[in-house]
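The values are calculated or read from the model by the stated rules, or taken from the named source; none is laboratory data. Fair warning: this is a prediction, and the values are worked out from it, not measured in the lab. Every residue, glycine as well, gets a Cβ built from its backbone with ideal geometry; the counts of neighbours run over all protein chains shown.
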Amino acid sequence: MKLIKNKKSLIGLFCLASFVFLFATATIALAQDERGWADDIDANLPDTTFVDILQNVIDWGAGIVALVAVLVLIVAGLFWATAGGDEERTKSSRKWLIGGIIGSIIALGSWAIVRVIIYVFFQG
């Protein structure tokens, strides 16, 4: 039961950090707008749009998921190689490998879907 509470607090901390990051990027995007609430802000801000920021956030998120998936694949491969014929460890390693492959597919798929949507609706 203690492990579940730690997972919930970790998920809460991740959600809070994500909210703070998205709020900060949205604030920067609004500050750049000439018609926005910060007209007298320094003109040395980068020329990025909300779509660019959203695309960067999705790219970073997909990259992190892909990195974790690759690490899971490597660890699962090592566990399988060191199983020594033990059926339980082999089954567990196989499940981890399948999870890593699914994670890789999700990361690549989400990245591709976002790229297509942004191209079709905003750049095409």
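Observations, loosely collected:
- None of Ala26, Ala31 is in contact with a helix residue (DSSP H, G or I) (Cβ under 8 Å, 6 or more places away or on another chain), at pLDDT below 90 and surrounded by 11 or more Cβ atoms within 10 Å (Cβ to Cβ) except Ala26.
- Verdict on Ala83 being in a helix (DSSP H, G or I), small (Gly, Ala, Ser) and in contact with a helix residue (DSSP H, G or I) (Cβ under 7 Å, 6 or more places away or on another chain): no
- Residue within segment 113-124 that is exposed (fewer than 14 other Cβ atoms within 10 Å of the Cβ), outside any helix (DSSP H, G or I), on the phi > 0 side of the Ramachandran plot and out of contact with any Cys (no Cβ under 8 Å at 6 or more places or on another chain) present: no
- Test: residue in segment 67-80 that is small (Gly, Ala, Ser), more than 15 Å from the chain's Cα centre (by Cα) and at pLDDT 85 or above: yes
- Segment 74-90, residues that are within 20 Å of Ser104 (Cα to Cα) and not β-branched (Val, Ile, Thr): Ala76, Gly77, Leu78, Phe79, Trp80
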